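Comments concern the structure below.
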Amino acid sequence: SAGLVDAVDGAMRQADGVRRLGVRANADTPEDAARARRFGAEGIGLCRTEHMFLGDRRQLVEAMILARTDTERERSLKALLPLQRQDFIGILEAMDGLPVTIRLLDPPLHEFLPDRTELAVRLAAAEAHGSPPSTHDAELLDAVNRMHEENPMLGLRGVRLGLVAPGLVAMQVRAIAEAVVERKRAGGDPRAEIMVPLIDTVEELRLVREEVEQVLAEVSTHSGVPVECPIGTMIELPRAALTAGRIAEEAQFFSFGTNDLTQTTWGFSRDDVEAAFFSTYLDKGIFKVSPFETIDRDGVGRLVQIAVAEGRAARPGLKIGVCGEHGGDPDSVHYFHAVGLDYVSCSPFRVPVARLEAGRAALPETEASDSR
Ligand code: PEP
Ligand code: MG
């Protein structure tokens, strides 16, 4: 009813008036970005680029995997570039004037590689029919077997892939930079930020950052349109949290990936725990709520605190957010407020909840200062 809508609007306005935490959304498509904006998101805290390599584009990815020469690989990357540029133009347009943190590709490799069993079955079927086996399938199976990982979540993901696969980072950054140029030429106000996933050491970030800066400079010079994107990093591995002071020397912002940070701090597979043993753990009271849902203050939370303190000591005013699932969990939002993060980023549908909770977290302070 109208009364309820007014009450919610009022509460939301009050919360927005007092909260210290910014609220952004995780969105990967222009549609999600637009929805996030309607819910009051003040930017995109995490634009994952993984899905942009699936669907119709799988063939290009396969071609990249099978490439035997630099020229062949460059051909697939070149074909992906305009598609990526279009992806980013759409998102930057939907979020015009607001920050959009675009994360470089962070695939668990098995999601990108063609299915081994399927390929093997197809080859076996061809053989059974007496038809000649497809060389494409045979080569693909061979390549996929060579790249197979037993623990893909701990494998060739994130920055590691960017460092191992020549041209991939450059292609993505070029697409971002060219999208910025195009949006500026159209009179827009694009605010892209570039985020590097799964950093363990400052050396990884230094290498990627050099490459990113080089591409940004090239596109700026070539287009005559200045492209300046802050370059930051995810903090989602314990080692990164513990060495955040050194990492901050190369990072213009941090964003905590509490999904991976929870997985790696506890040593729990984020994909397997639910089925395997979480219900038993909950029944036995080992924890009251899943640490993937609500931030574990004693473990993951301490790593967050260490990284905030070290990061800001090295780089005063360092902008820090969180973009794991915890960014939209009420209890966790209170925690992120307390440790002094600048923003939380969550699913578009959780944005209103995050705004309200961020306001509630700040309310005691406001009341205390009002009564002084
Ligand atoms: C995270 O690890 O918390 C994160 C936001 O990244 P992803 O969920 O894509 O691994
Ligand atoms: Mg992650």
- Could I have the simple spin-label model distance between Asp298 and Thr135, label points 7 Å from Cα toward Cβ, reported in nm to one decimal? 6.1 nm
- Query: If you bin every alpha carbon distance in the chain into 10 Å steps from zero, what whole percent lands in each bin?
  - Reply: 5, 21, 30, 25, 13, 5, 1, 0, 0
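Two decimals is fine: what's Rg over Rh for segment 194-281, C-alpha atoms, Kirkwood radius as Rh?
Values: Rg = 17.1 Å, Rh = 14.7 Å.
Rounded to two decimals, Rg/Rh equals 1.16.
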- Query: Share of Cα-Cα pairs in segment 288-372 beyond 19 Å, in percent?
  - Reply: 42 percent
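Hey, any idea what the orientation-averaged projected area of the convex hull of segment 228-350's Cα atoms comes to, in nm²?
Details: hull surface 32.3 nm².
Dividing the Cα hull surface by four gives the mean projection, 8.1 nm².
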- In whole percent, the Cα-Cα distances of segment 168-219 spread across 10 Å bins from 0 upward as 24, 49, 22, 5
- Query: Evaluated at 4 °C with a viscosity of 1.567 mPa s, what Stokes-Einstein diffusion coefficient in µm²/s does segment 1-107 have when Rh comes from the Kirkwood expression over alpha-carbon pairs?
  - Reply: 80 µm²/s
- Query: Given the options Ala217, Ala124, Ala307, which has the most mean-square fluctuation in a GNM of the chain, springs set between C-alpha atoms less than 10 angstrom apart?
  - Reply: Ala124
- Message: Show me the ranking of peptides 189-201, 164-176, 140-152 by mean Cβ neighbours inside 10 Å, starting with the highest.
- Response: 189-201, 164-176, 140-152
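If you filter segment 194-298 for trypsin sites (Lys or Arg not before Pro), then keep DSSP loop positions with at most 10 other Cβ within 10 Å, what is left? Before the final figure, lay out the partial values.
Working: sites: Arg206, Arg209, Arg239, Arg246, Arg270, Lys284, Lys288, Arg297; in loops: Arg270, Lys284, Lys288, Arg297.
Passing sites in segment 194-298 are Lys284, Lys288.
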- With label points set 7 Å from each Cα along the Cα-to-Cβ direction at Glu274 and Lys78, the distance between them in nm comes to 4.4 nm
- Query: Under a GNM of the chain (C-alpha, springs under 10 Å), which listed residue has the highest mean-square fluctuation: Ser223, Ser332, Ser347?
  - Reply: Ser223
- Task: With everything on Cα atoms, drop me the angle between helix 2-18 and the longest principal axis of the chain, reported from 0 to 90° to the nearest 10.
- Result: 90 degrees
- Query: Could you list log10 I(q)/I(0) for segment 50-197 at q = 0.12, 0.16, 0.17 Å⁻¹, which the Debye formula gives when each Cα is one point scatterer?
  - Reply: -0.58, -0.90, -0.98
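Could you please rank Val333, Val304, placing first whichever residue has the fewest other Cβ atoms within 10 Å of its Cβ? Write out the running numbers ahead of the final one.
Numbers: Val333 30, Val304 27.
So the residues, fewest neighbours to most, are Val304, Val333.
Using the Cα centre as the reference, give the magnitude of the dipole from point charges on the C-beta atoms of the chain (Lys, Arg: +1; Asp, Glu: -1; all else neutral), rounded to the nearest 20 debye.
Working: 42 positive and 58 negative charges, 154 e Å.
Here the chain has a charge dipole of around 740 debye.
Determine, for Ser131, Ser220, Ser269, the number of other Cβ atoms within 10 Å of each Cβ, and report the residues in order from fewest to most.
The order, fewest Cβ neighbours first, is Ser131, Ser269, Ser220.
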- Choose one answer from Val61, Val273, Val215: the residue with the largest mean-square fluctuation in a GNM of the chain with alpha-carbon springs under 10 Å. Val273
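For segment 82-135, what is the Kirkwood hydrodynamic radius in Å, using each pair of distinct C-alpha atoms? Walk me through the numbers on the way to the answer.
Working: mean 1/r = 0.0662 Å⁻¹.
Value: 15.1 Å, from the Cα pair sum.
Rule-of-thumb check for segment 108-186: C-alpha Rg over 2.2 N^0.38 Å?
Working: Rg = 18.3 Å, N = 79, 2.2 N^0.38 = 11.6 Å.
Taking N as the residue count of segment 108-186, the ratio is 1.58.
If we count other beta carbons within 10 Å of each Cβ, what is the order of Val100, Val23, Val159, fewest first? Intermediate values should be presented prior to the final figure.
Details: Val100 26, Val23 32, Val159 23.
By the 10 Å Cβ count, ascending: Val159, Val100, Val23.
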- At each listed q (0.09, 0.13 Å⁻¹), what is the log10 of I(q)/I(0) that the Debye formula gives for segment 113-262 modelled as equal alpha-carbon point scatterers? -0.44, -0.74
- Message: Rounded to whole Å, give me the distance from the Cα center of segment 296-372 to that of segment 162-202.
- Response: 27 Å
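Read-outs throughout are calculated quantities, based only on the coordinates presented, and are distinct from any laboratory measurement. None of the values given here were measured: they were computed from a predicted structure. Here the Cβ is made from the backbone with ideal geometry for all residues, glycine too, and neighbour counts use every protein chain on show.
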